[in-house]
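Everything on this sheet refers to the single structure shown next.
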Amino acid sequence: MSASPDRAVRADAVDGIVAAWRDELPEVAGLPLELAKRAGRLAALIDVVTVAELDRLGRTKAEYEVLARLRAVGEPYRCKPHDLSSSLLLSSGGTTNVLHRLTAAGLVLREADPADRRSVWVRLTPAGVTAAEKVVLAVNQAQSALLARLPEDTARRLADLLRDVLASLDPGGVRPPWRPGP
């Protein structure tokens, strides 16, 4: 990896991993390994502060994702369970379990779809809107505190580069995990 002339390259934990593979199995010690390990470590660091905040608030990550998704769609804060499962990459069974917990807590309601008797809507209750906003703001604050250690221009460049990466690798947006073909 080369750095711009005015910027020194700082070593990180991934450099040690790549160096070890370079000694043991050189063909895996390339850019794909660096990208995968760095993306994974960044996701793990963000996950640590996210889960710590969710634990403090008594919420699971899946509950957070459902509450946040329902709040983000705007009024009347509702989605079909299938759409929640698809957009959050949760199984239908996992989504059902989360919805049962959130319903029992009085944060969501299931409402019959008048246009399709076989279908239901999941909607935030007023208490659910409040809970969703509280958890989203708290998680955002925790993530912001972690990422504040980055210079703002670095964070902006990284966000733009990650957008380019995801637009190339996942052009359709959220979809089920990739599986190798036959």
## Note on the structure
Whole-Å distance linking the alpha carbon centroid of segment 135-177 with that of segment 73-104 is 23 Å
### Query
Of (1) 147; (2) 182; (3) 122, which is the value of volume of the Cα convex hull per residue in Å³ derived from the coordinates here?
(2)
### Task
Give me the number: length gained by fully extending Leu57 to Ala159, i.e. 0.36 nm times residue separation minus the C-alpha to C-alpha distance, one decimal in nm.
33.9 nm
### Task
Can you tell me the 0 to 90 degree angle between the C-alpha axis of helix 61-72 and the longest principal axis of the chain, rounded to 10?
70 degrees
### Summary
Once the mean of 1/r over all distinct C-alpha pairs in segment 44-97 is inverted, the Kirkwood radius in Å reads 11.9 Å
### Task
Treating the angle as unsigned and between 0 and 90°, give the value, to the nearest 10°, between the Cα long axis of helix 31-57 and the longest Cα principal axis of the chain.
40 degrees
### Summary
Checked segment 69-116 with the C-alpha gyration tensor, a ≥ b ≥ c its square-rooted eigenvalues, rounded below a/c of 1.5, otherwise prolate if a/b is larger than b/c and oblate if not; verdict rounded
### Task
Enter the angle in degrees (range 0 to 90, nearest 10) between the Cα long axis of helix 126-147 and the first principal axis of the Cα atoms of the chain, meaning the one along which they spread out most.
10 degrees
### Query
Quick one: if you stick a label point 7 Å off each Cα along the C-beta vector at Leu169 and Trp21, how many nm between them?
1.3 nm
### Task
Name the long-range amide H neighbours of Lys80: under 5 Å, sequence gap of 5 or more, or other chain; modelled H, no Pro or chain starts.
Val122
### Message
Is the C-alpha gyration tensor of segment 18-115 telling us rounded, prolate or oblate? Criteria: a/c under 1.5 is rounded; beyond that, a/b larger than b/c is prolate, otherwise oblate.
### Response
prolate
### Query
How much length is gained on full extension from Arg118 to Ala68, taking 0.36 nm per residue of separation minus their Cα-Cα distance?
15.4 nm
### Cβ-based net charge around Leu137, under 12 Å, with every Lys or Arg adding one and every Asp or Glu removing one
0
### Query
Where a ≥ b ≥ c are the square roots of the eigenvalues of the C-alpha gyration tensor, would you call segment 92-174 rounded, which needs a/c under 1.5, or, failing that, prolate if a/b is larger than b/c, or oblate?
oblate
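Bear in mind these aren't lab numbers, they're just calculated from the coordinates by the rules spelled out. All values reported here derive from a predicted model rather than from experimental measurement. Every residue, glycine as well, gets a Cβ built from its backbone with ideal geometry; the counts of neighbours run over all protein chains shown.
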